[in-house]
Amino acid sequence: MESLVAPKTLLTQLNNTNLKIRLFAIGIVLLVWQVGVSGLGKPFMATPLGILQAIPKTLLNDKKLWPGVFETFGVVFQGISISVLLGVILGLMMGRIPAISYAFAPYVNGFYATPMVAVLPLFTLWFGFNVSATLALVLFAAIPPMAVAAWDGTKALQIKYLEVAKSFGARRRDIWLGIAIPSSLPFLIAGFRLSSGRALSAVVIAEFLIGTGNGLGIHIMRLAQTFKHNEAIVALFILTFAGLFLAVGVESLVRRFLPWFRK
Amino acid sequence: MISAKKESAIKPILLSRYPLALSLLVGALIWEIIGRFFLDEIYFASFSKTTSALLNLFVTGEIRVALFESLSLFVSGFIGGSILGFLVGILIARIKFIGIAFENFVTLLYVTPPIALIPFVLTLIGFGYGPKSLIVGWFVFFPVCITTIEGARAVNPRLIEVAHSFRSSELRMWRDIVFPSVLPYSMSGIRQGIALGFVGVVAAEFLLDGSGIGLLLRTYSRLYETDNLFASVLLMTCLGLFAMSMGKKLEKRFSAWRA
C-alpha cells in the first residue's frame, strides 16, 4: 500500500556521478540553513555547524543513545523476523488453499487498511505501557504487507513451468526450490521493503506514545523537547540510515547474490 | 475487494461474495464468543457491544464532530502535500540540474520515518491546526513526489521528439504527452498517500493537541471504555478500507489509457 516505489530509482539516485553540481547544491543548502537560522531563528534550532559539533559528542558521550539504539532495533529485528515468517506462511497458504484465502482475505486487507496508530491505544490497554505493546504494533504493521506480497507471489507462478517440471518428473523439493521460490522472490522483496518500512514507523510511533522505556525514538523525542535539536538530529540520522539500509541495502544484496532477480 | 464490480457476470459475484459474507460472519461470531465468555469486558468488547457502541456514538453525535475534525485535517494536509509533491516531482524529473541537486535530499527524507519528525514540528511551530496539517502534508508529500519523479522519467522520449519535430507548442506537449504518462504513476503515489495521510492524522492528533478521532481513541483507552474504543478502531478500519478502494479506483481511472 505504501512506498511501492521501485528501488531501482533509489539506487540510481545514490550512485549518480554528477558530483560537482551535487556538492554545490549541498553546500548552498547548508549555507542557507546555517545563515538563515543564526540570523532569524531561535538559538536552540539545529544548524549544520551545530550538528557537526554534536556528532562526536552524541555518538561518543551520550550514554543513553546506544542502549536506546539496541533496544529499538532489537524490537525492529524481532518484529520483522516474526512478520516475515508468519506473513510468508500465511500468504503462501492463502495462495495455495482457496478456503484459507476466502477466510483470511477480508481480515488481512482490513488490518492492512487500518491506520496502525489507531490500534495502539488498544495494544497499550492489553499489553501495558511497555515493549510488548511496541512489538505488537510492529507485528500489526508488518505482517499484512508481507502476507499480501507472498500471496501475489504465488499468483505470479507460471503454470507452464509447473507443468513442464511435472512432466519431466521433478520432485516436490525441486519445484519449490527451482520454480516457486525464485519466481515469487521479487514479490517477497517488495513486500519486505514495505513491511520493514512500516515496522520502523511503528516502532517510533509506539515509543512516542507509550512514553516509557529508553528506545531511540523516545530518546529523540526527549532531546527535541529539551531543545537539544542538534543532538536530536544526530540521533535521527541513525533512523534515516536504518531506513536507507532497509530500502536499498537489502535489495542490492539480493541483486548481487541472486542474479536471476535482475529484470 | 469489497466493492464488487457491476460489469462482471453474475457467477463470479456469487462465487466471490458468499465466501466474504461467510468469513465476516464467522469472524463476528468468534469475536462475540471471545468477548462474551473468555475475556474481561475491560479488555475486550464483544461484537454486539462494539456495534451498539458505534451506533450510540453516532446517535449522540460525539463521533460526527470528531470525524469532521479529523477529515478536515486530512483534506487540508492531503491537498497541500499531494500538489506540492506533484510539482516538486515534476521539477526534479524534468529539469536536470534541479534533479541532480535535490534528489538526494528527497531520498534521504523519504526513507526517514515521518513520524520521527513530529517532535521537531512540536518544538519549532507548536500546537494548533496548522502544524497538524503540516504533518499530514509531510506524510502525503513523499510517496506522491517519488512516484511522480519515476513517472516523469518514464515519458517516452520518442514521443517528445516527434512532438518537437511537428512543432508542437510546449503547453500541448505537456498536456498530451507528459501528463498522460505521469498521472498513472502519481496516482499510485496518491493511493499510498491516502493511506499514509490517515496515519499522519491520527499521529498528529495523538502527539500534538488532541482533536478528532485521535483524541477519542486516547480518551476511551484511558477511561477503559473498551466498547467505545473498539467502535472507533472499527470505524477507522472502515474508513481505511473505503479510502483504499477509492484510491484504487482513482488509480484505475487514471491509468485507463495505459497499455
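The values are calculated or read from the model by the stated rules, or taken from the named source; none is laboratory data. Just so you know, these numbers come straight off a predicted model, no measurement behind them. Ideal geometry is used to build each Cβ from the backbone, glycine not excepted, and the neighbour counts take in all protein chains shown.
Quick grid of which residues meet (1) within 13 Å of chain A (Cβ to nearest Cβ); (2) outside any helix (DSSP H, G or I); (3) of a type in the set (A, V, I, L, M, F, W, C); (4) over 21 Å from B:Gly61 (Cβ atoms):
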{"position": "B:Pro180", "(1), (2), (3), (4)": "no, no, no, yes"}
{"position": "B:Tyr185", "(1), (2), (3), (4)": "yes, no, no, yes"}
{"position": "B:Ala195", "(1), (2), (3), (4)": "yes, no, yes, yes"}
{"position": "B:Val201", "(1), (2), (3), (4)": "yes, no, yes, no"}
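Listed conditions (1) facing chain A (nearest Cβ under 8 Å); (2) over 15 Å from A:Leu120 (Cβ atoms); (3) surrounded by fewer than 21 Cβ atoms within 10 Å (Cβ to Cβ) are all met by B:Arg191, apart from (3).
Looking only at residues that are in a helix (DSSP H, G or I) and among the charged types (D, E, K, R) in the stretch B:207-259, which one is surrounded by the most Cβ atoms within 10 Å (Cβ to Cβ)? Can you show your working first?
Step one: list which residues in the stretch B:207-259 are in a helix (DSSP H, G or I), which gives B:207, B:212-222, B:226-253.
Of the ones still in play, those that are also among the charged types (D, E, K, R) are B:218, B:222, B:227, B:248-249, B:251-253.
Working: B:Arg218: 19, B:Arg222: 12, B:Asp227: 22, B:Lys248: 16, B:Lys249: 13, B:Glu251: 19, B:Lys252: 11, B:Arg253: 11.
Only one residue tops the list, namely B:Asp227.
Being surrounded by fewer than 24 Cβ atoms within 10 Å (Cβ to Cβ), of a type outside the set (D, E, K, R) and over 19 Å from B:Thr226 (Cα atoms) holds for only one residue in A:Gly128, A:Gly153, A:Gly91, A:Gly95, and it is A:Gly95. Within the stretch A:163-184, the presence of a residue that is part of a helix (DSSP H, G or I), within 14 Å of another protein chain (Cβ to nearest Cβ), buried (at least 17 other Cβ atoms within 10 Å of the Cβ) and not charged (D, E, K, R) is excluded.
Only one of the numbered conditions (1) part of a helix (DSSP H, G or I); (2) assigned by TED's automatic domain parsing to the domain that holds B:Ser211 is violated by B:Ile30, and that is (2). For the stretch B:160-168, the criterion of being hydrophobic (A, V, I, L, M, F, W, C) and touching a helix residue (DSSP H, G or I) at 6+ places or on another chain (Cβ under 8 Å) is met by at least one residue. With respect to the conditions (1) within 14 Å of chain B (Cβ to nearest Cβ); (2) under 27 Å from A:Ala118 (Cβ atoms), A:Phe241 lacks only one, and its number is (2).
Listed by position, the helices (runs of 4 or more DSSP H) inside the stretch B:45-133 whose residues that are within 11 Å of chain A (Cβ to nearest Cβ) and either more than 28 Å from B:Gly212 (Cα to Cα) or in contact with a Leu (Cβ under 8 Å, 6 or more places away or on another chain) (or both) number at least 2 are B:62-94, B:96-111, B:118-124.
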